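Only one structure is covered here, and it is reproduced in the block below.
The values are calculated or read from the model by the stated rules, or taken from the named source; none is laboratory data. All figures in this text were calculated on a predicted structure; none of them were measured in a lab. Counting neighbours? That spans all protein chains shown, and the Cβs are built from the backbone with ideal geometry, glycine included.
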Amino acid sequence: MAASQAGRPIELRHLTALPDLTDAVRLQQEIWGFEDIELLPLRLFVVATKVGGQVIGAYDGETMIGFLLAIPGLKGGATTYLHSHMMGVQPPYRNLGVGRMLKLKQRAEALSRGIGLIEWTFDPLELKNAYFNIERLGAVVRRYVLNQYGTTTSHLHGGLPTDRCVAEWYISGERVAAILEGRPDVRREVVERIAVPVEIAEVRTSAPERARETQREASERFVECFDRGLAVVGFERSDEFGTYLLGPWHSK
């Protein structure tokens with residue numbers, strides 16, 4: 001269980017009351033720095049709790065320090081899943097395991113309802129998130145969306161197009177179970193690699209044109225590999241690069 005820097009255990013709660021949901025909206029603005037027009041409104045958080053979605057808060061004492069919002073989705077063939085639209089943790093509480101706690105709580109609740117798939121999008125240039133999604137949770141990626149949300153006002157997006165990978169988390173599958181238990185995915189076969197320099201976080205601020213070129217090169221590789229039927233099945237880290245490992249996707 002994650003603990004605050006003061007040693008208090010971080011607690012998770014499913015949110016339904018209006019004051020708690022209002023806190024989540026406030027925290028959204030603090031973490032991403034969106035202008036008001038881009039904020040997800042309170043009524044969306046309320047609706048999510050009424051139609052089979054999830055709003056989960058992480059608390060240090062009585063202070064909300066992180067949250068997760070998911071809404072229900074429907075695929076062809078009447079397959080239901082959860083779209084995990086937003087998860088954020090305040091900076092002082094990052095690297096303490098709060099994000100993993102939120103995702104595991106989300107998984108447990110979804111499994112209790114017979115849901116086997118959770119999806120979300122993430123920025124492929126955010127290498128720490130990529131490692132977390134793929135190596136710590138066991139998600140795979142088979143889709144790439146160009147500029148999904150348009151250019152936003154968030155300082156975290158650095159003025160770049162919001163290109164996104166779509167993470168598929170098959171929460172009842174063998175791969176996810178193995179990775180959550182600390183076992184490797186022995187079926188993984190790597191045939192392609194896409195490397196992103198770790199300096200990209202700094203370059204976004206200091207040299208946005210260079211950051212855009214890095215983004216463009218990566219997007220072309222992702223689209224080409226996905227068109228060939230490959231999937232992201234692993235992620236490696238070094239001092240210089242974060243590297244996506246792509247290969248055939250055999251099963252869940």
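Residues Val25, Val51: which one is in contact with a strand residue (DSSP E or B) (Cβ under 8 Å, 6 or more places away or on another chain) and either loosely packed, with under 14 Cβ neighbours inside 10 Å or of a type outside the set (Gly, Ala, Ser) (or both)?
It is Val51.
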Residue pairs within 9 Å by beta carbon, gap of at least six or interchain, first lying in segment 7-20 and more than 11 Å from Phe45 (Cα to Cα), second of a type in the set (Phe, Trp, Tyr) and surrounded by 11 or more Cβ atoms within 10 Å (Cβ to Cβ), listed first then second, are Ile10/Tyr59; Ile10/Tyr93; Glu11/Tyr59; Leu12/Tyr59; Arg13/Tyr59
Counted residues in segment 163-196 being of a type in the set (Val, Ile, Thr) and under 26 Å from Ala110 (Cβ atoms) come to 5
Going through segment 180-223 in order, the residues found to be touching a Leu at 6+ places or on another chain (Cβ under 8 Å), closer than 30 Å to Lys75 by Cα and surrounded by 18 or more Cβ atoms within 10 Å (Cβ to Cβ) are Ile194, Gln215, Ala218, Ser219
Of those in segment 231-246 that are buried (at least 19 other Cβ atoms within 10 Å of the Cβ) and without any contact (Cβ under 8 Å) to a residue 60 or more places away in the chain, the residue nearest to Glu202 (Cα to Cα) is Leu245
### Task
Might you check whether a residue that is out of contact with any Gly (no Cβ under 7 Å at 6 or more places or on another chain) and more than 30 Å from Gly7 (Cβ to Cβ) occurs anywhere in segment 95-111?
yes
Flagged in segment 14-43 as over 19 Å from the mean Cα position of the chain (by Cα), in a helix (DSSP H, G or I) and at pLDDT 95 or above, in numbering order, are Leu18, Pro19, Asp20, Leu21, Thr22, Asp23, Leu42, Arg43
